[in-house]
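What follows is a set of notes on a single structure, which appears directly below.
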Amino acid sequence: MRDRRILYATCFLRAVATQMLGVQLGVYLPAAGLSEAQRGTVLSAGLLGAAIAALLATLLADARGRRRLLTEVALLGAVGALGAAFGSAPLWLASAAFLGMLNGMGRDRGAALIVEQAILPGTAPDRERTRTFAVYNVFQDAGHGLGALLAGFPALLDRHFDVPLASGYRAGLLLYALLLLSTALLYGKLAHDPSPRPPSLSPGSRRIVTRISALFAIDAVGGGFLTSAYLSWFFHDRFGADVGAIALLFLGARALNALSHIGAAWLARRIGLVNTMVFTHIPAGLLLVTVAYAPSFEVAAVLFLLREGLVEMDVPTRQSYVMAVVAPEERVAASGITNIVRMGGWAVGPAVEGLLVPQVALLVGAGLKISYDLLLYRAFRSVRPPEERG
């Protein structure tokens, strides 16, 4: 229970940092003079760095020590943020983003999440596993909401106190680094790690993880077109919304995400994990299509919020499902592989979306996500976790 509370706290702090950064990058990078192509390169560099760190976590977490690796990842992220705060050249920013795994998705994804997800199921019985993941994600989205609110402070400082926006954005990067340093201190209080062992998967688990990872790749490529940084830019460019209004919009979105996670755990007990994942995700994709062609920011904001009330219901159910269909000793490997595939897919979108008309980018993202939902249902509707068998 003590470890569970520590993980709830670290995911909250990391989510505050990640969401704040994701929203601010959508406005900061153009303000720093970067072109659309350069902006996409910086965002992709950060996601690529996160993907490589996730691979190393998968391979080394159990051999090196989960607590030690989590601490090292947090410290490296803080160093990357400090580098980005004190430079503006495209190559420098791309390098800092890569080193610090700076995540323009605006959502907490990466090496730390992989290891935390492998630890979390061991703190609860099977019947409570999905709810434990739901609460974890509530803390995460509460952090995302606070991060979205903090993202609007540079605009407020500029408007009311004449503090230059550039200074406000640099302060945001410094706060990001401080939050990650706080998680590093908390990781030091985790219980001792299990005995070192190399990552492994049984043949049966390997087949399941391979199939589901291929599907997650489709979903992730679609998600790469829908980063918080890109959506922030979309609302700013298409409707002229300022960063303050966008920050409030993302605050509302994260509040709805948090509520939806508890709803997802309740629904999964009644219709199953896979059904919950699919039957909430498809309507979310359709709502995203309507956002692309909304006539005003107000209409787009309402449609976007409706979408956010559904789109995250697959997150705790997906996490719980992957951890349920493999053995406990296989969880780091399964968590790592599935998350690495997702991060690799996310890195594709930002590099391509700058070449597309904004509405087309949103349509491509939505189309890929709906395709994933249909394929997932076909492939895994009969593969049940322990609590749904018999």
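Below, the figures for the structure above:
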| read-out | value |
| --- | --- |
| Sequence ranges 69-75, 33-39, ranked by mean other-Cβ count within 10 angstrom, highest first | 69-75, 33-39 |
| Rounded to 10°, Cα long-axis angle of helix 126-151 versus longest principal axis of the chain | 10 |
| Estimated inter-spin distance, Leu59 and Arg5, nm [label 7 Å along Cα→Cβ] | 3.8 |
| Residues Ile337, Ile208, sorted so that the one with the fewest Cβ neighbours within 10 Å comes first | Ile208, Ile337 |
| Candidates Pro316, Pro164, Pro154: whichever shows maximal mean-square fluctuation once the chain is modelled as a Gaussian network with Cα springs under 10 Å | Pro164 |
| Difference of contour (0.36 nm per residue) and Cα-Cα distance, Asp242 to Ala31 | 74.7 nm |
| In segment 267-308, chymotrypsin sites (Phe, Trp or Tyr not before Pro) in a DSSP loop with at most 15 other beta-carbon atoms within 10 Å | Tyr293 |
| Candidates Glu116, Glu308, Glu298, ranked by Gaussian network fluctuation over the chain, Cα under 10 Å, top entry | Glu298 |
| Segment 51-177 shape via C-alpha gyration tensor axes, a/c threshold 1.5 | oblate |
| Degrees, to the nearest 10: 297-311 long Cα axis against longest axis of the chain | 10 |
| Difference of contour (0.36 nm per residue) and Cα-Cα distance, Leu286 to Arg378 | 31.2 nm |
| Residue-span extension gain [Leu178 to Phe86] - 0.36 nm each, minus C-alpha spacing | 31.6 nm |
| Taking segment 50-100 and dividing mean pair separation by its residue count, relative contact order in percent (alpha carbons under 8 Å, at least six apart) | 34 |
| Mean Cα-pair separation over length for the chain, i.e. relative contact order, pairs under 8 Å, 6 or more apart, % | 28 |
| Spatial separation of Cα centroids for segment 126-165 and segment 229-262, in angstrom | 11 |
| With Cα atoms, 0 to 90° folded angle of helix 90-100 axis to the chain main axis | 30 |
| Computed label-point distance, nm, for sites Leu75 and Val360 using a 7 Å Cα→Cβ extension | 4.7 |
| Per-residue [θ]222 nm for the chain (sum of -39500 (n - 2.57) over DSSP H runs n ≥ 4, rounded to 500) | -27500 deg cm²/dmol |
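Since every read-out is calculated from the coordinates, none of them should be taken as a lab result. Predicted model only: the values in this text are computed from it and were never measured. Glycine also receives a Cβ, built like all others from the backbone with ideal geometry; neighbour counts cover every protein chain displayed.
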